[in-house]
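The values are calculated or read from the model by the stated rules, or taken from the named source; none is laboratory data. Predicted model only: the values in this text are computed from it and were never measured. FYI the Cβ positions are ideal-geometry reconstructions off the backbone, even for glycines, and counts take in every protein chain you see. For the accessible areas, the whole protein counts, side chains as well, though only heavy atoms, and no ligand, DNA or RNA atoms are used. Shrake-Rupley method; radii C 1.70, N 1.55, O 1.52, S 1.80 Å.
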Amino acid sequence: MSQYQAVKGARDIFPEEAVQWKYVEAIVHTLASLYGFSEIRTPVFEYTELFQRGIGATTDIVGKEMFSFLPDPSGRSITLRPEMTAGVMRAVLQKNLLSQAPVHKLYYISELFRKERPQAGRQRQFSQFGAELLGVSSPAAVAEVITLMMQVFESLGLQGLKLRINSLGDTDDRVRYREALKEYFAPFDDILDEASKERLQKNPLRILDSKNPAVQEIVVGAPRLYDYLKAASRDDFEKVLFYLSERGIAFEIDHRLVRGLDYYCHTAFEVTSSELGAQDAIGGGGRYDSLARELGNSSDVPASGFAVGMERLLMTMEKQGLFASLIPAAPLVYVVVQQQELGDHGLQIAYRLRKEGISAEIDLAARSMKAQMREANRMRASYALFIGSTEYAAGLYSLKNLGTSEQRVLSLEAVLEILHEPASREVVKL
Ligand code: AMP
């Protein structure tokens, strides 16, 4: 055993679990392209300022959760990406994509890094899939990203997820609301904890997010953002809700949902799973028109998106038994050599099969025939292809269907024909 362990907050994904990841990823890829989103891959690290500007200096992520370092003593600080949106927007602006086409629909499945205290559902390296719709800010666009996210959940068979939604209005709405919040919280100075007091000064909306029970109690009576929205902001929100209702997507309006990042405006949403315990958020997102300007663009770029935590998604699926029918891929055929002298010929046959696109396995350690058969069964191969000296001399092979035990002596051409038949791939050994 090695004296080394994986770094705390990071984990290994072994083949049995990798199958589950691939399954989820395949559905994400399929549905994203069904909705017209194309994949983007950005670097794992970015200049630290990108996140400071993009996510906001008062957020937990920027305040205390970034893995930042200097690549060399004179260099600029760089940071392992703690979220994808800022990097995607940076990439789009850098390439000037919006001058080529007005709307860009991008999605990703990527690893992220946050220096949080590791616990169930919270890691220091984790993955998200998400989508960003850039260049249009209509309620239809926001509804489209929410719908894509919800369709992924539905296709995976997830049950009991709760979509909560709110409107953060535009900048004016929030300026007025912030003042109202400051006024409301001012008399509760003795109840507010240090973090809340700091938020009251810098970003009072985030007090609504507080997990402190005493603070939560006074939050209940706080003014509602909805009451500070101008008519146009309300109409925008109502239209998003209309689209969701039309599509049969259930939601709950949560007047206290503000989300942790500074760049959101208008619609914000979050999905939670009752299966997850304390860290119950599976995903969330919203509209973030001002991010581009924060990053130095001359104007806002209307934008909306979502991000879903892959680990929490997989945990919920596991708890709901949605992986029960998933089994790691098995080889179609296991090549078994009856005498050791035929080992090299066996290797050549396995090579031929693989070149033909047939998944084939073979023992590489010159073990006994019994051991080879044991492996074939352990791997759940559908067929065994026996190579024996008599048959070999005649250019023949014995192909055994390990499901039915039916065995036939055939030429290699006939073997290839059978193994190419679509039905042969469906033979499952129970
Ligand atoms: P956020 O960008 O913080 O809104 O995160 C979006 C989703 O990513 C959350 O709802 C979680 O499912 C997931 N997530 C965020 N932080 C972590 C973490 N440290 N470990 C695992 N999943 C996370």
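Just check segment 267-348 against the gyration tensor rule for me: Cα atoms, a ≥ b ≥ c as the square roots of the eigenvalues, rounded for a/c under 1.5, and otherwise prolate or oblate depending on whether a/b exceeds b/c. List each step's numbers first, then the result.
On the way: a/c = 6.04, a/b = 2.17, b/c = 2.78.
Oblate.
For segment 333-426, which whole-number percentage of the solvent-accessible area (1.4 Å probe, protein heavy atoms only) is attributable to carbon and sulfur atoms? Display every interim value, and only then the final one.
Numbers: 2600 of 5180 Å².
Carbon plus sulfur share of accessible area: 50 percent.
With the dipole of the chain worked out from charges on the C-beta (+1 for Lys and Arg, -1 for Asp and Glu) around the Cα centre, which of THR85, TYR351, PRO15 lies farthest toward the positive end?
Checked the options; the winner is TYR351.
Leaving out ligands, DNA and RNA, and with a 1.4 Å probe, what % of the accessible surface on segment 180-299 is carbon or sulfur?
Numbers: 2690 of 5720 Å².
Carbon-and-sulfur percentage of accessible area, whole number: 47.
Pull up all non-local amide H partners of TYR334: gap of 5 or more, or a different chain, and H-to-H distance under 5 Å with H placed in the peptide plane.
GLU361, TYR383, ALA384, LEU385
Could you work out the Kirkwood radius for segment 272-428, taking every pair of different alpha carbons, averaging 1/r and inverting it, reported in Å? Mind showing how you got there, number by number?
Details: mean 1/r = 0.0510 Å⁻¹.
Kirkwood radius, segment 272-428: 19.6 Å.
About the Cα centre of segment 333-426, how large is the charge dipole given +1 on each Lys and Arg Cβ and -1 on each Asp and Glu Cβ? Please answer in debye to the nearest 20. Can you show the working numbers first?
Numbers: 11 positive and 12 negative charges, 67 e Å.
My answer is approximately 320 debye.
Going by Cα centres, segment 308-326 and segment 72-119 are how many Å apart?
Segment 308-326 and segment 72-119 have Cα centres separated by 27 Å.
Amide H of LEU112: which non-local residues (sequence gap of 5 or more, or other chain) have their own amide H closer than 5 Å, using H built in the peptide plane?
For LEU112, the qualifying residues are PHE126, SER127, GLN128.
What value, in deg cm²/dmol to 500, does the helix sum -39500 (n - 2.57) over DSSP H runs of n ≥ 4 give at 222 nm once divided by the residues of the chain?
-11500 deg cm²/dmol
Could you give the size of the charge dipole of the chain about its Cα centre, using +1 on the Cβ of each K and R and -1 on the Cβ of each D and E, expressed in debye and rounded to the nearest 20? Can you show the working numbers first?
On the way: 50 positive and 56 negative charges, 103 e Å.
Roughly 500 debye for the chain.
Lysine pairs in segment 1-133 with alpha-carbon atoms under 24 Å apart, 8 or more places apart or on different chains: how many are there? Present the calculation step by step, with values, prior to reporting the outcome.
On the way: LYS8/LYS64; LYS8/LYS115; LYS22/LYS105; LYS64/LYS115; LYS95/LYS105.
For segment 1-133, the number of qualifying lysine pairs is 5.
Per residue, how many Å² of accessible area does segment 333-426 show with a 1.4 Å probe? Present the calculation step by step, with values, prior to reporting the outcome.
Values: 5180 Å² over 94 residues.
That works out to 55 Å² per residue.
Determine the shape class of the chain: with a ≥ b ≥ c the square roots of the Cα gyration tensor eigenvalues, call it rounded for a/c under 1.5, and otherwise prolate if a/b is greater than b/c, oblate otherwise.
Cα axes put the chain in the prolate bin.
By its C-alpha gyration tensor, with a ≥ b ≥ c as the square roots of the eigenvalues, how is segment 98-237 shaped: rounded for a/c under 1.5, else prolate for a/b larger than b/c, else oblate?
Values: a/c = 2.01, a/b = 1.33, b/c = 1.50.
Oblate is the answer for segment 98-237, as a/c is 1.5 or above yet b/c matches or exceeds a/b.
If contacts are Cα pairs under 8 angstrom and at least 6 residues apart, what is the relative contact order of the chain in percent? It would help to have the intermediate numbers written out before the result.
Numbers: 714 pairs, mean separation 63.7, N = 430.
The normalised contact order for the chain reaches 15 percent.
Rounded to the nearest 0.05, what FRET efficiency is calculated for ASP235 and ASN297 with R0 set to 25 Å and r the Cβ-Cβ distance? Working shown, then result.
On the way: r = 27 Å, r/R0 = 1.07.
Here the calculated transfer efficiency is 0.40.
What's the carbon and sulfur percent of segment 4-75's accessible surface, probe 1.4 angstrom, rounded to a whole number?
On the way: 2630 of 4520 Å².
That share works out to 58 percent.
Any idea what the dipole of segment 265-392 comes to, in debye rounded to 20, about its Cα centre with Lys/Arg Cβ at +1 and Asp/Glu Cβ at -1?
Details: 12 positive and 15 negative charges, 83 e Å.
With only Lys, Arg, Asp and Glu charged at Cβ, the dipole is about 400 debye.
Compute the length gained on full extension between LEU34 and ARG76: take 0.36 nm times their separation in residues and subtract their Cα-Cα distance, giving the result in nm to one decimal.
Numbers: separation 42, 0.36 × 42 = 15.12 nm, distance 4.01 nm.
Contour length minus the Cα-Cα distance gives 11.1 nm.
Peptides 119-130, 25-36: what's the order by average Cβ count within 10 Å, highest mean first?
On the way: 119-130: 18.6, 25-36: 15.5.
Per-residue mean Cβ counts within 10 Å order the peptides as 119-130, 25-36.
Considering only protein heavy atoms, what per residue accessible area in square angstrom results for segment 1-146 with a 1.4 angstrom probe? If you can, show how the numbers build up before the last one.
Working: 7610 Å² over 146 residues.
Counting only protein heavy atoms, the per-residue value for segment 1-146 is 52 Å².
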